[in-house]
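Colleague: One structure coming up, written as C-alpha cells, with questions to follow.
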Amino acid sequence: MRISMTINGTQCVMDVDPDDVLLDVLRGAGYLEVKGSCHAGDCGACTVLVDGRPVASCLTFAARVDGHSVTTVRGIGDGTHAHPLQRAFVENGAAQCGYCVPGAIVSAKALLDENPEPTEDEVRLAMDANYCRCTGYEQQVEAVLDAAEQLRKEARR
Amino acid sequence: MGRIVEYYRADSIEDAVATARRLGSSAAYVGGGVELVLRRNPEVSTLIDLSQCGLGEILEVEDGIEVGSQVTLAAISRSAVLKCYAGGSLALWSGRIAQNNLRNMITVGGSIGRNQPWNDLVPHLIALGAEVRFFDGAEHRTPLVSYIDAKRTGTVIEGIVLPSGNANAKGFMWRFTATQQDISLLHCSALIDVAGDVVRKASIVFAGRPGHAALYPQLGQELMEGGGSQDAFESLARSAMQAVEVGTDHRATAEYRRDLVRAAIISLGDWMTGDTQ
C-alpha cells in the first residue's frame, strides 16, 4: 500500500506492507538515526515525533502515520546545525554509547516545545520512556534543563 | 504470527462495523494501543483503522464529560476540563501510566476494548462511574463495569461518559509495581465525596487478579458508615482483605496481593486524612 508522510520536513511517498512498523520503514528509507532495540515499546530507543508527540515507532503501524508528520533526531538538528538540546547533551556528558540519545532528544524536544520552563520532575516524567544504561540519567536531565535555559535566553534576544 | 494483508481506513463507525461484519474473525480494529503489534492473532489478516471516525475529542456534554475512544492518555493528562474533574485524578493518573511515548499511543478505547480490565486505566474509570458509548449497528450506552463483564467483541467503542455528579468528589489511585513502567501487581481506585467528617459517597475498585477489575460496594458502604478514624480504616482493611478477589500468577501470589490490598486501604486512609497526597 502507498502512504505519504512528511519526514523531517520533506514530503515522502512510500510503498509499505500493511503490517510494517514505522521503525522498519524509517530505517529502510535511510533514517538510520532511529534505533531499534527491544522492539516491544519498553526501551524508548526508537522514539520519534509524530505530529510533535513522541511515540514508539517499533509499535506504530506505518500505515497509521499516513498523512502525518514525522520528526527524527536528524530533523531537530545535525552536526552542522546542532540544536541547543544536542549541544547540551554533549556539554553535559549525557551521551556515552549514544544508542539511546536519538530517542531521548526527541522526547526532550517534545517537552520543551510544550513547556519551555520544565521542572526537574517534569523532565524526568517526559523522559521516562528512554532507558539509558550509561549515564545514569542525571546528566541527561541536567542537559535538558540547560537546553531549556539556553532556549529561553535565545527567545528573549 | 499472523500476516496482515490489508489495512482499511474506516471513514465512519458505520463503515467500520459493516466491514468488520463482512470479514468476521479475520478483521480487527486498530483503536489505539500496542496489542496488535506485540501479540498478533494468526486469524487476523485485516486491520480496520478507527482514527478517521471522529472519535478523538473530549467534550462537555449535558450529563457529564465525554472522552472519545481515540483520545490518548497523554491528551487526557493535558485536558483542562479533566484536570478539574473529580480532583483531577484521571488527568493526573493518565499522565503516569506506562511511559511517555506509549501515553501518546494508548487510547481510552484501546484500553477498554482489549477486554483486560486489569490495567491501570479501567479500574479508575470504573470508580468514577464511567459509562461506555458503543456502536454495533445501533447506538448503546451502558456502565463500564457491565460492558467489561459482557466481554463484547465486534463493537466500536465510541467513548466514555464521565457523570456530572462527581463535582465534589475526589478520585484516589494506588498501585503497586515492581518498577514505574511495570504492570501493577495490584491496583486500587476510589471515588470519595467527603463533607466535614461525613463520607457521603465512596466507590472502591480493586484489580487484584489477572483479567479482572471489580467495584466493591460493600467496602464503600463500610467506609461511609465507619467514618475516617484510624480504627475504621483498620477494620476496612480487614474486610477488604477478605472481600477482594486476588489471584496468583508468575509475578505474585494471592497471599502477597492480599497484603497489598491492606496497604492500599491504609494508603486510602492516609490520603483521606491528609497524611499523604
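Colleague: For segment A:84-156, just list the percent of Cα-Cα distances falling in each 10 Å bin from zero outward, please.
Modeller: The percentages, shortest bin first, are 22, 60, 16, 1.
Colleague: Measure nothing but the geometry: give the 0 to 90° angle between the long axis through the Cα atoms of A:138-156 and the longest principal axis through the Cα atoms of chain A, rounded to 10°.
Modeller: Value to nearest ten degrees: 80.
Colleague: Using a Förster distance of 35 angstrom, determine the FRET efficiency expected from the C-beta separation of B:Val61 and A:Glu138, and round it to 0.05.
Modeller: 0.15
Colleague: According to a simple spin-label model (label point 7 Å from Cα along Cα-to-Cβ), what is the distance in nm between A:Glu114 and A:Asp17?
Modeller: 3.4
Colleague: Note down the nm distance, to one decimal, between modelled labels 7 Å out along Cα→Cβ at B:Arg40 and at B:Ala138.
Modeller: 3.8
Colleague: Let me ask something else. Quick one: in segment B:134-209, what % of C-alpha pairs are over 22 Å apart?
Modeller: The calculated P(r) of segment B:134-209 puts 47 percent of pairs beyond 22 Å.
Colleague: Using only the alpha-carbon atoms, how far is helix A:101-114 inclined from the longest principal axis of chain A? Give it as 0 to 90 degrees, nearest 10.
Modeller: 70
Colleague: Within the set of other residues whose C-beta is less than 12 Å from the C-beta of B:Glu14, count the net charge using Lys and Arg as +1 and Asp and Glu as -1.
Modeller: -4
Colleague: Right, another one. For chain A, which semi-axes, largest first and in whole Å, follow from the square roots of 5 times the eigenvalues of its Cα gyration tensor?
Modeller: Whole-Å semi-axes of the equivalent ellipsoid: 27, 17, 13.
Colleague: Further, regarding this structure: Determine by what factor the alpha-carbon radius of gyration of the protein assembly as shown differs from 2.2 N^0.38 Å, reporting the quotient. Spell out each step's value before the answer.
Modeller: On the way: Rg = 22.6 Å, N = 434, 2.2 N^0.38 = 22.1 Å.
That ratio works out to 1.02.
Colleague: Same structure again: Taking the highest mean first, how do the peptides B:84-92, A:131-139, A:33-41 order by number of other beta carbon atoms within 10 angstrom per residue?
Modeller: In decreasing order of mean packing, B:84-92, A:131-139, A:33-41 become B:84-92, A:33-41, A:131-139.
Colleague: Give the residues of segment A:121-157 whose amide nitrogen is closer than 18 Å to a point set 7 Å from the Cα of A:Glu91 in the direction of its Cβ.
Modeller: Answer for segment A:121-157: A:138-157.
Colleague: Quote the Stokes-Einstein diffusion coefficient, in whole µm² s⁻¹, for segment B:37-92, based on the Kirkwood radius over alpha carbon pairs, a temperature of 25 °C and a viscosity of 0.890 mPa s.
Modeller: Details: Rh = 13.3 Å.
Estimated diffusion coefficient is 184 µm²/s.
Colleague: Continuing with the same structure: Treating the beta-carbon of each Lys and Arg as +1 and of each Asp and Glu as -1, no other charges, what is the dipole magnitude of the protein assembly as shown about its Cα centre, to the nearest 20 debye?
Modeller: Dipole magnitude for the protein assembly as shown comes out near 560 debye.
Colleague: Oh, and also: How many angstrom lie between the Cα centre of segment B:59-86 and the Cα centre of segment A:65-100?
Modeller: If you average the Cα positions of each part, the centres end up 33 Å apart.
Colleague: For segment A:2-76, calculate the relative contact order in percent as a whole number, restricting contacts to Cα pairs under 8 Å that are 6 or more residues apart.
Modeller: After rounding, I find 41 percent.
Colleague: Right, another one. Once you compute Rg and the Kirkwood Rh from C-alpha atoms, what is the Rg to Rh ratio for segment A:2-76?
Modeller: In segment A:2-76, Rg relative to Rh is 0.91.
Colleague: Related question: Quick check: from the Cα gyration tensor, does segment A:32-88 come out rounded (a/c under 1.5), prolate or oblate?
Modeller: oblate
Colleague: Another question, then. Which value in deg cm²/dmol, rounded to the nearest 500, describes the helix-derived mean residue ellipticity at 222 nm for the protein assembly as shown, given -39,500 (n - 2.57) per DSSP H run of n ≥ 4 and division by the residue count?
Modeller: Roughly -10000 deg cm²/dmol at 222 nm, from the helical runs in the protein assembly as shown.
Colleague: Tilt of helix B:254-272 relative to the longest C-alpha principal axis of chain B, in degrees (0 to 90, nearest 10)?
Modeller: The answer is roughly 70 degrees.
Colleague: Take every residue in peptide A:56-66, count the Cβ atoms of other chains within 10 Å of its Cβ, and give the average of those counts. Please list the in-between numbers first.
Modeller: Values: counts 9, 1, 4, 9, 5, 7, 1, 8, 8, 0, 4.
Whole-number average of other-chain Cβ neighbours for A:56-66 is 5.
Colleague: Also, quick follow-up: Mean 1/r over all different Cα pairs, inverted: what Kirkwood radius does segment B:66-123 give, in Å?
Modeller: 11.2
Colleague: Which of rounded, prolate, oblate describes chain B, given a ≥ b ≥ c as roots of the alpha-carbon gyration tensor eigenvalues and a/c under 1.5 marking rounded, otherwise prolate only if a/b is larger than b/c?
Modeller: Taking the square roots of the gyration eigenvalues as a ≥ b ≥ c, chain B is prolate.
Colleague: Name the lysines eligible as straight-distance cross-link partners of A:Lys153: C-alpha to C-alpha under 28 Å, and not fewer than 8 places from it in the same chain.
Modeller: In chain and number order, the partners are A:Lys109.
Every number here is computed from the coordinates shown, using simple stated rules; none is lab data. The structure presented is a predicted model; accordingly, all values stated were derived computationally and were not measured. Because the Cβ atoms are built from the backbone with ideal geometry, glycine has one as well, and the counts that use them run over all protein chains shown.
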